[in-house]
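Read-outs throughout are calculated quantities, based only on the coordinates presented, and are distinct from any laboratory measurement. All figures in this text were calculated on a predicted structure; none of them were measured in a lab. Note: ideal-geometry Cβ built from the backbone for every residue, glycine included; neighbour counts use all protein chains shown.
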Amino acid sequence: MEVVLLLSLCITAVWASGSFSKGWNTGATTRQWSYNLDSPMGPAGWGNIAGFETCGNGTEQSPINIPTASAAYMTYPALNVMSSPSKASFHFHNNGAAADADPTGATAVNITGGPLGSEQYSIHNFHIHFGNSTFMSSEHSVDSSRTAGELHVVFFKSTYSTLGEALDSGDGDALAVISMLFNVGSDASSAHPGLETILRHFSNLTYPEDGVEQSIDFATLLRPSDLTSFYTYNGSLTTPGCNEQVVWMVMSQVQNVLPTSLNSLSGLRSTARMQTPVVPVFGNARPLQSLDNRMIYRNFQMTPSRSPPTIATSSASGPTVVSLVALFLSVLAIYANLL
Ligand SMILES: [Zn+2]
């Protein structure tokens, strides 16, 4: 039996008939898609599903590989995250395609700055695309390197009241997504506290629509120090309908989580309790899309560590040359004394 994921999910872009369809549903009228590369409903076939044509024929699709050498430097105002209350309440749940958290009650998290300028954006959700300690499943890659996972914090223009209304506007910058890449590392002192917290909240949500409400200090998830340097480009949602209305901001600093924390999500399933075969959520990444003629910008100067390795080589050879000269002079002195 083929396993099929239902729309909604992830960047939650499915805006069909004015409402989202969440979780599993076998209704014949519900459009369906999956991450199964071998399925006609998989990523290569999303564009063949009615209403999702942009996934197949779009020209500004996401995710992409970011070739750092071709990213153009640009100055932007600082990214600014405002959370009210500071301990914001979220509904953490397994939506069948991602570990997802939606704001509840009076929670309001807004951003300004960066390529968004003075325009304010309101949070819609945050969710993660993830693999495990040995399986890389970020969506974006940097210089063709993927990481173990990727956090997406999805916002829509605050001039609209919902994400759906923002998409319906047709604005090319209706949405903004902050992306944070992360890898696993066993050094607990370098583990990102905010990511560790949300992984813990997601870890027991085995079946689709399992959920729990938790309050998190949003300032620990998107710390000012995490947001200082980023790549930005115009792209799309990475799930159907792949709307090309997203300003992406991919943070350049790769964060760390503990292997045990990430691996604790391996039990999350895309399939319902009694459904077989069991399909895990991990590996929920859309394949890379073509950059085409788009520009990628960065708001930071390249660091010396990105310089060609010849500098390190020549510096490493310095002591060797000095040593040889010293040895030569010593031999000369000894020879002179002998004379
Ligand atoms: Zn996403």
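Remark on ASN125: its backbone amide H falls under 5 Å from those of VAL154, a criterion applied only to residues 5 or more positions apart or on other chains, H modelled at 1.01 Å from N.
Counting Lys and Arg as +1 and Asp and Glu as -1 over every other residue whose Cβ lies under 14 Å from the Cβ of VAL212, the net charge comes to -4. Peptides 96-103, 112-119 ranked from most to least packed give 96-103, 112-119, packing being the mean of other C-beta atoms within 10 angstrom over each peptide's residues.
Which value, in debye to the nearest 20, describes the size of the charge dipole of region 180-249 about its Cα centre when Lys and Arg Cβ atoms bear +1, Asp and Glu Cβ atoms bear -1, and nothing else is charged? If you can, show how the numbers build up before the last one.
Working: 2 positive and 8 negative charges, 36 e Å.
Using only the charged Cβ atoms, the result is roughly 180 debye.
Grab the other residues whose beta carbon is less than 15 angstrom from that of SER62, score K and R as +1, D and E as -1, and report the net. Display every interim value, and only then the final one.
Values: positive: ARG146, ARG286, ARG294; negative: GLU60, GLU139, GLU150, ASP173, GLU244, ASP292.
Net local charge, SER62 excluded: -3.
Take the Cα of HIS91, step 7 Å toward its Cβ, do the same at GLU209, and the gap between the two points is 1.2 nm. Listed values for region 248-263 are Karplus-derived 3J(HN,Hα) couplings in whole Hz (6.51 cos²θ - 1.76 cosθ + 1.60, θ = phi - 60°), namely 8, 10, 9, 5, 7, 7, 7, 8, 10, 10, 6, x, 5, 5, 5, 5, and x replaces Gly and Pro.
Quick check on the exposure proxy: order THR68, THR303 from fewest to most C-beta atoms within 10 angstrom. The most exposed by this proxy come first: THR303, THR68. Taken about its Cα centre, region 65-165 carries a charge dipole of roughly 160 debye when the Cβ of each Lys and Arg holds +1 and the Cβ of each Asp and Glu holds -1.
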